[in-house]
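The block underneath contains the structure these notes are about, expressed in structure tokens.
The values are calculated or read from the model by the stated rules, or taken from the named source; none is laboratory data. These numbers come from a predicted model, not from an experiment. We place every Cβ from the backbone using ideal geometry, glycine too, and count neighbours over all the protein chains shown.
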Amino acid sequence: MSAELKYHFASDNTSGICPEAWQALEDANSGYQPSYGADSITAEACETFRSFFETDCDVYFVFNGTAANSLSLATLCQSYHSIITAQEAHVETDECGAPEFFSHGSKILLARSPLGKLDPSDVERLATSRTDVHFPKPRALSISQSTELGTVYRPGEVKGLGAVAKQHGLSIHMDGARFFNALTGLNCAPADITWRAGVDVLCCGGTKLGMAVTEAVVFFNKELSQEFAYRCKQAGQLCSKMRFISAQWLRILRDDTWRRHAQNGNTLARRLADALGHLPGVQILYPVDANAVFAKLPEKMKDALKARGWVFYSFIGGGSRLMCSWRTTESDVDAFVADAVASV
Ligand SMILES: *Cc1c(COP(=O)(O)O)cnc(C)c1O
């Protein structure tokens, strides 16, 4: 008999909706409200974003990260521009060409990224390698925070990339599908790793944090957000019953709910990495700065874990990826580790 499949560590998308977001949906479900974002809950949610980031930013809610990334990149670039990013970047590897599609052809230029992070010198090199009309003009820099390899850029690192970007006329896009995991690990102000470091637009992840179908596109540079609402609508990304999305954001940003959930994922990823890292033959591949653990597991251990039902992927980062979320518990981690130990 085969074991029941256990998706606990397969992705932060396997974890469902957190109680606070669920309650917010419930609470928003009374009476009538204007549609398409003209309601008071949406106005309040956007205002809460402005307080959170301590600046007068422009906020839009879309349904997923691919839309957030590709629509925002399309506002930064014309079809003849290029976007510099890391070789593992989600915009390159996991969006089915949506950034190229929505920008009508902007080319993605890939930089080396040890530990998933871009180095300013590589950005500089790509930004200056060609200046002739035969090559698509570099116009944007896209960085992921936290990165696809579970590492996190420190405020100074974002600032360093920001400085190089500004010097070469690149706008900065931040793919923050796991922004809150990065933020809670850094213990700095949200502004310090975004607009104060030069970020022009942030795709701020709600879904992986525990919300239902939403990412926020936050424009710190308001010149870039002109007509963005039309872009969202045309792409089928304007929610008619917007209050259900806004109500969740309002709830999650208040009372540090975001921090509690992000911290849970990060703390348990740390616990998992510490325990696995002590087992013979296991190598933890990258610093565990957020909620991801990348581990090189002996084949025998991998097989034993899979035989016991654990599902996890090895399509990125050269090892097995184990994700923790708001829902992960210490006993989930301990059960996984016990099964790993049993295989040794
Ligand atoms: C999950 C993820 C996204 C968003 O993906 P969708 O499936 O489109 O919501 C974007 N960037 C990164 C780095 C991600 O991990």
With criteria (1) within 16 Å of the ligand (Cβ to nearest atom); (2) surrounded by 14 or more Cβ atoms within 10 Å (Cβ to Cβ); (3) over 23 Å from Arg50 (Cβ atoms); (4) not small (Gly, Ala, Ser), Phe315 comes up short on (2)
The residue that is nearest to the ligand (Cβ to nearest atom), considering only those in the stretch 166-186 that are without any contact (Cβ under 8 Å) to a residue 60 or more places away in the chain and assigned to a strand (DSSP E or B), is Gly176
What number goes with the only condition from (1) touching a His at 6+ places or on another chain (Cβ under 7 Å); (2) within 13 Å of the ligand (Cβ to nearest atom); (3) not aromatic (Phe, Trp, Tyr) that Val201 does not pass?
(2)
Filter the stretch 207-240 for residues that are among the hydroxyl-bearing types (Ser, Thr, Tyr) and more than 13 Å from Gly176 (Cα to Cα); the one that is surrounded by the fewest Cβ atoms within 10 Å (Cβ to Cβ) is Ser240
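Of the residues in the stretch 187-206, how many are surrounded by fewer than 20 Cβ atoms within 10 Å (Cβ to Cβ) and either touching a helix residue (DSSP H, G or I) at 6+ places or on another chain (Cβ under 7 Å) or outside any loop (DSSP other than H, G, I, E, B) (or both)?
Total satisfying the criteria: 4.
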Scan the helices (runs of 4 or more DSSP H) fully inside the stretch 246-344 and keep the ones with 1 or more residues being in contact (Cβ under 8 Å) with a residue 24 or more places away in the chain and within 17 Å of the chain's Cα centre (by Cα).
257-277
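What are the residues in the stretch 91-110 that are in contact with a strand residue (DSSP E or B) (Cβ under 6 Å, 6 or more places away or on another chain) and within 16 Å of the ligand (Cβ to nearest atom), if any? Before the answer, list the steps.
Of the stretch 91-110, the ones in contact with a strand residue (DSSP E or B) (Cβ under 6 Å, 6 or more places away or on another chain) are 91-92, 106-109.
Once the filter is applied, which keeps residues that are in contact with a strand residue (DSSP E or B) (Cβ under 6 Å, 6 or more places away or on another chain) and within 16 Å of the ligand (Cβ to nearest atom), the stretch 91-110 yields Val91, Glu92, Ile108.
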What single numbered condition from (1) more than 16 Å from the ligand (Cβ to nearest atom); (2) surrounded by 24 or more Cβ atoms within 10 Å (Cβ to Cβ) fails to hold for Arg125?
(2)
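If I filter the stretch 40-61 for residues that are within 16 Å of the ligand (Cβ to nearest atom) and out of contact with any Gly (no Cβ under 8 Å at 6 or more places or on another chain), do I get at least one hit?
Within the stretch 40-61, the first condition is being within 16 Å of the ligand (Cβ to nearest atom), and the residues that meet it are 60-61.
Filter again for out of contact with any Gly (no Cβ under 8 Å at 6 or more places or on another chain), leaving 60.
Yes, the stretch 40-61 contains at least one residue that is within 16 Å of the ligand (Cβ to nearest atom) and out of contact with any Gly (no Cβ under 8 Å at 6 or more places or on another chain).
So, in the stretch 10-39, how many residues would count as being closer than 17 Å to Arg251 by Cα, of a type in the set (Gly, Ala, Ser) and within 16 Å of the ligand (Cβ to nearest atom)? Steps first, answer last, please.
Going through the stretch 10-39, the residues closer than 17 Å to Arg251 by Cα turn out to be 16-30, 37, 39.
Narrowing further to those that are of a type in the set (Gly, Ala, Ser): 16, 21, 24, 28, 30, 37.
Going one step further and asking which of them are within 16 Å of the ligand (Cβ to nearest atom), we end up with 16, 21.
Count: 2.
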Could you run through the stretch 228-245 and say how many residues are among the aliphatic types (A, V, I, L, M), out of contact with any Leu (no Cβ under 9 Å at 6 or more places or on another chain) and part of a helix (DSSP H, G or I)?
1
Scanning the stretch 135-159 for residues that are charged (D, E, K, R) and assigned to a helix (DSSP H, G or I), the one farthest from the ligand (Cβ to nearest atom) turns out to be Lys159
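Any residue at all in the stretch 125-134 that is within 18 Å of the chain's Cα centre (by Cα), assigned to a loop (DSSP other than H, G, I, E, B) and at pLDDT 95 or above? Full working, then the answer.
First pass over the stretch 125-134, keeping only residues within 18 Å of the chain's Cα centre (by Cα): none.
So far as the stretch 125-134 goes, no, none of its residues is within 18 Å of the chain's Cα centre (by Cα), assigned to a loop (DSSP other than H, G, I, E, B) and at pLDDT 95 or above.
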Consider the stretch 205-259. How many of its residues are closer than 26 Å to Ser11 by Cα, acidic (Asp, Glu) and modelled with pLDDT of 95 or more?
1
With (1) surrounded by 24 or more Cβ atoms within 10 Å (Cβ to Cβ); (2) within 16 Å of the ligand (Cβ to nearest atom) as the list, and Ile252 as the residue in question, which single condition is left unmet?
(2)
Reported set for the stretch 74-114 where residues are closer than 17 Å to Phe315 by Cα and either among the charged types (D, E, K, R) or not assigned by TED's automatic domain parsing to the domain that holds Leu141 (or both) is Glu88, Glu92, Asp94, Glu95
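Taking the options Arg243, Arg321, Arg270, name whichever one is surrounded by fewer than 21 Cβ atoms within 10 Å (Cβ to Cβ), among the basic types (Lys, Arg) and over 30 Å from Ser171 (Cα atoms).
Details: Arg243 fails: surrounded by fewer than 21 Cβ atoms within 10 Å (Cβ to Cβ); Arg321 fails: surrounded by fewer than 21 Cβ atoms within 10 Å (Cβ to Cβ).
Every option except Arg270 fails the conditions.
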